C-alpha cells in the first residue's frame, strides 16, 4: 500500500512512517517542518526506496493537489496538527488554521483526487485525532470514553481537533468520501518533542531542574506507547470499516504524579544522582486553565473488531523512553533552543 502521511516528521507521524516502511509499505511523508518537526525522526528510513518526502504545509491547497497527483497514494493518514494544549491557550490562531483549515484542505484535495481517479473502492482517508475531544471524565474507573461519547472539548486545542473530526464525518456523509477515524490517548516514547510531560521530566531531571507538575498531580491520563499507537493506526488504515471510528488507548491509567514518580524511580536506576532521588526535584506549579481531570479509553471496539491491543505497559514504555533519551542527547539538545521550549506556556488565559 502507498500511504501519504501528513505530519510524518512529527512525533506520532514519524513513528507511523518508520513502522509503515518496516512493514513493506510505500510512504510519502508530507510535512511543513514547523517547530516540533524533525527530519532526524525518520533518518533511519530516509534512504529506503519506499520513502519520499515533500515539504508541504497542509494550509497550501495547491501544493496538496500536486503531491497527490504526483504520488498517487492508496490512502492518506492525516496526522499533521498543532498539538500542545499550553501553546493553544497562548496562541489559538495557529490551531484553528492548521487543525481546522488544514484538515479542510486535506479533505478537499482528497475528494478531488479520489473523484478524478474514478472513486476507487480501495482509497481511504484516515483521520487521526485525540481523546481530548470528549472532555473530562470523573474518577470512577468504570466510566471511560467510547466511540459514542458526546464531544465536549475544553481547550482551544481539543476544540480544533473536535472541529476537524466533525469535518471528516461531514465529508463522508455529504460527499461519500471514504474515511476512517481514530481517537487516541496520551502518547509518549522516543522522539517526543521536549515540551510534553514525559520528555520535560526526563530532561529537567538530568539537568537538576525542578520537575513541574500542574496542580496537585491528581489529573489522570491513559498512557499509550507511541510505537503501539503506530501499529494500531496501520491496522486501522488497512482493516478498519469505512465510516467507522476507533478509540485507541494504552490501558495504562496513571495520575500525573504517579507517572512522574515512576519515571523518577527509573532514572534513579539508570543514572543515579550523587545524593538523593530525582523525586526530590518534584515541584507543584499553578494548574493549567481548564485542565481536564481524567481521560480513559474503552478499547472494546478496536480489540473486538480488529484484534488490536497495546503490548507495552507504562513501566516498560517509560524505561524504554528514558533509555532512549539518555542515549540520544545529540537529538534533543538542539531542540531545547527552539521557541517556547523550556518555558511555562498556557498562562495567558
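Values in this text are rule-based calculations from the coordinates and carry no lab data. Everything quoted here is computed from the prediction, not taken from an experiment. Don't worry about glycine lacking a Cβ; one is built from the backbone with ideal geometry, like all the others, and counts go over all protein chains shown.
Key figures for this structure:
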quantity: Sequence ranges 270-282, 297-309, 237-249, ranked by mean other-Cβ count within 10 angstrom, highest first; calculated: 237-249, 297-309, 270-282
quantity: Computed label-point distance, nm, for sites residue 94 and residue 74 using a 7 Å Cα→Cβ extension; calculated: 3.6 nm
quantity: Residue order, fewest to most surrounding Cβ atoms within 10 angstrom, among 284, 104, 11; calculated: 284, 104, 11
quantity: Mean projection area, nm², convex hull over Cα of region 1-42; calculated: 2.5 nm²
quantity: Ranked by how many other beta carbons lie within 10 Å on average, peptides 187-198, 35-46, 139-150 from highest; calculated: 187-198, 35-46, 139-150
quantity: Cα long-axis angle, helix 197-207 against the chain (0 to 90 degrees, to the nearest 10); calculated: 40 degrees
quantity: Degrees, to the nearest 10: 102-116 long Cα axis against longest axis of the chain; calculated: 30 degrees
quantity: Choice from 117, 183, 50 with maximal GNM fluctuation in the chain (Cα, 10 Å cutoff); calculated: 117
quantity: Proxy reagent accessibility, fewest Cβ within 10 Å first, across 216, 121; calculated: 121, 216
quantity: Least to most buried among 329, 132 (fewest other Cβ within 10 Å first); calculated: 329, 132
quantity: Within a Gaussian network of the chain (alpha carbon springs, distance under 10 Å), most fluctuating of 155, 164, 311; calculated: 311
